[in-house]
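S.K.: Handing you a structure now.
Please treat every number below as a calculation from the coordinates, not as lab data. Only a predicted model underlies this, so the values are computations on that prediction, with no experimental measurement involved. Glycine also receives a Cβ, built like all others from the backbone with ideal geometry; neighbour counts cover every protein chain displayed.
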Ligand code: ACM
Ligand code: ZN
């Protein structure tokens, strides 16, 4: 679709800038910014800052030059403002910018450029006074360039847009099980071996490990030190600091593949760079009893700190499986000699030792929130990712130390950003644009000290399901705009419709910068729920309040504005969204089937995901287990009872079952069906062993498993009990993992 930006002009009395500035007073009228912008310093002391403003304008694609008299922008150095603070006033005759630093001036220009871009044709900006400063000191994006290696030039695009959004930190996840991405001169094998993995066509979780050293490893890449220095400089020119992350002691298979002697001696298995999750091999981690491991990390970090001037260096520290440490003589000896209680304290010792080295170089260590389990001796800034960031919050309550919020369930950009039927495959549930925008990190019971210790917010992109830079951009944008708004804009200043209006004006900038982005915010999420009386209630929602949901039951010409409705017959529901007479969302098509169970009540006390009512809603699931159509039971027997409303006669029962060993979803071992007329006395009628082994549970598919009943069976209640087949067997990609049972529909005919 052609977006003519000139049509998207600012509503009267408003400006459209993301993140929303702290204070905005809009006057009447507009000022037209000329195509060639003349910039002058207010006085002698302001000349340097004026020069910076010209450079920033040029960098963002504006034409600007210095002038001695008149001028469209007057720049004034105001040392009383904060480091990232600025003032911007637009008057009928011109624009004034005040800042104390180059960063403040840079941010003033980002604001101004967004205002110009909201009306690219006329270049008018509203008369206004803006006084702006960030809520949080660390405003970040994490890119996992391990799971998906992208060239340095592609990282620049993320930096360009991060800068436009006044984000100041790009956290690069550089090392993991799946690759080592940074040239280290002292350890050349890290990139000769560790940057490359076997090619496996499966989705990330289902990829089997490399079998031996002879298998070719064509997939990967790395950044040379020169390339990375150039990237660091590029980012710094845009007031973005690159935070390097070097993972330890786990998530280190790429380093161990390169230098196997760094793992605990008890490991006698071949370790390659993992193409996927790694299965049990993920428990092969760096030995904490071997001094060579500490030397290795100190050498690596010495080179890292020469490349990255970042005041903070991330040491990872997450998800360290202690199986080998518990069996390793050297690790056990270290526990004894250091007087440690257990292997958790051993990780504390490990992180403390590397932290001390980082501190000796005048830098501060960071780590994922698991580093708090070992009670760090010295300051370490923690990324709160588990739960609501609770582990990091508790740590700060205990120690007063600083932390950064990046809770998985809100700010992990790997998760689906909209109705899953339209999204490319990824993990877990949904983190929609609106979920991120409405996120408030500070809890009601936080003390002011605790609030001050939360120094930042980060959107984190894990890239397990990405193959290209475009895939990564799709997951990051537009959600990074919401991250920026939460991190910058004062608490309590949220206005979702206004944010969306500003976002619409910023999206052409993504197009101009050649950045891919999602349109998921326009799609319809359906929820179909049985009413218990044989009818199904239909709910169709779009997260944009300005999008009108339209539907039709006849054909794809969407004729009705949505209001909740009930449906009692089979058919296809078509739905999408419109705005200003134009279709914006993708076309949702829901084929609805009716059988004797459809629209009927389901009782399932211990369904793990709370979606048991989807079993009788008439709608089949997609192959994504998290699309909200699958009732799931984790690591337990699935048991549920369906009430047909009255005694019915039937001769066929089947159970829609998802099968996908890659994500630990297997067919049940056995399924029992019992029936009852009164809901109390149940009579077993059949037991089925589907006989679908774990090995046969790949690739993903949906199977309707038949539960034999005699023709003319009479019953009102059907009780189904499906036993869990246990953990994924050895030799498979997810070996040893507990499994799920997922059913989308019970079909009774
Ligand atoms: C993490 O997601 N393991 C930090
Ligand atoms: Zn060991």
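S.K.: Helix 152-164 sits at what angle to the longest principal axis of the chain, using alpha carbons and giving 0 to 90 degrees rounded to 10?
M.R.: With both axes taken from Cα atoms, the answer is about 70 degrees.
S.K.: How far is the Cα center of the range 405-448 from the Cα center of the range 360-390, in Å?
M.R.: Their Cα centres are 22 Å away from one another.
S.K.: Something else now. Could you estimate the translational diffusion coefficient of the range 217-369 from the Stokes-Einstein equation, with Rh from the Kirkwood formula over C-alpha pairs, at 37 °C and 0.692 mPa s, in whole µm²/s?
M.R.: Here the translational diffusion coefficient equals 199 µm²/s.
S.K.: Please arrange 138, 31 by how many other C-beta atoms lie within 10 Å of their C-beta, fewest to most.
M.R.: In order of increasing Cβ crowding within 10 Å: 31, 138.
S.K.: Sort 145, 647 so that the residue with the fewest other Cβ atoms within 10 Å of its own Cβ comes first and the one with the most comes last.
M.R.: Least crowded to most crowded, the residues run 647, 145.
S.K.: Which value in Å is the Kirkwood Rh of the range 558-708 over different Cα pairs?
M.R.: Computed over Cα pairs of the range 558-708, the Kirkwood hydrodynamic radius comes out at 17.7 Å.
S.K.: Sort out for me the Cα centre separation of the range 102-158 from the range 219-242, rounded to whole Å.
M.R.: Going from one Cα centre to the other spans 18 Å.
S.K.: Using only the alpha-carbon atoms of the range 343-420, report the extent along each of the three principal axes, biggest first, to the nearest angstrom.
M.R.: Result for the range 343-420: principal-axis Cα extents of 48, 25, 24 Å.
S.K.: Just to be sure I understand: if I project the alpha-carbon convex hull of the range 162-280 onto a plane and average over all orientations, what area do I get in nm²?
M.R.: Seen from a random direction, the Cα hull of the range 162-280 projects 8.7 nm² on average.
S.K.: Additional query: Please determine, in degrees from 0 to 90 and to the nearest 10, the orientation of helix 343-360 with respect to the longest principal axis defined by the Cα atoms of the chain, where the helix direction is its Cα long axis.
M.R.: Relative to the chain, helix 343-360 is tipped by roughly 10 degrees.
S.K.: While we're on this one: Have a look at the range 360-509 and give its Rg and Dmax from the Cα atoms, expressed in angstrom.
M.R.: 16.6, 51
S.K.: Rg to Rh ratio, the range 436-548, alpha-carbon atoms and Kirkwood radius?
M.R.: 1.06
S.K.: Specify the angular offset, from 0 to 90 degrees and rounded to the nearest 10, of the alpha carbon long axis of helix 225-237 from the longest principal axis of the alpha carbons in the chain.
M.R.: 70 degrees
S.K.: Let me ask another. Determine, for 395, 474, the number of other Cβ atoms within 10 Å of each Cβ, and report the residues in order from fewest to most.
M.R.: 474, 395
S.K.: For the range 1-133, divide the Cα radius of gyration by the Kirkwood radius and give the resulting Rg/Rh value with two decimals.
M.R.: Across the range 1-133, the Cα-based Rg/Rh ratio is 0.95.
S.K.: Dividing the alpha-carbon Rg of the range 299-431 by 2.2 N^0.38 Å yields what?
M.R.: Here the Cα radius of gyration is 1.23 times the empirical estimate.
S.K.: Starting from one equal scatterer on each C-alpha and no solvent at all, send me the Debye-based log10 I(q)/I(0) for the chain at q = 0.05 Å⁻¹, two decimals.
M.R.: Here log10 of I(q) over I(0) equals -0.30.
S.K.: Scaled to the compact-protein estimate 2.2 N^0.38 Å, what is the alpha-carbon radius of gyration of the range 644-749, rounded to two decimal places?
M.R.: 1.19
S.K.: Once the Cα gyration tensor of the range 244-324 is diagonalised, what are the square roots of 5 times its eigenvalues, in whole Å and ordered largest first, as equivalent ellipsoid semi-axes?
M.R.: Whole-Å semi-axes of the equivalent ellipsoid: 23, 14, 11.
S.K.: Output needed for the range 502-615: three equivalent-ellipsoid semi-axes, defined as square roots of 5 times the C-alpha gyration tensor eigenvalues, in descending order, whole Å.
M.R.: 33, 18, 11
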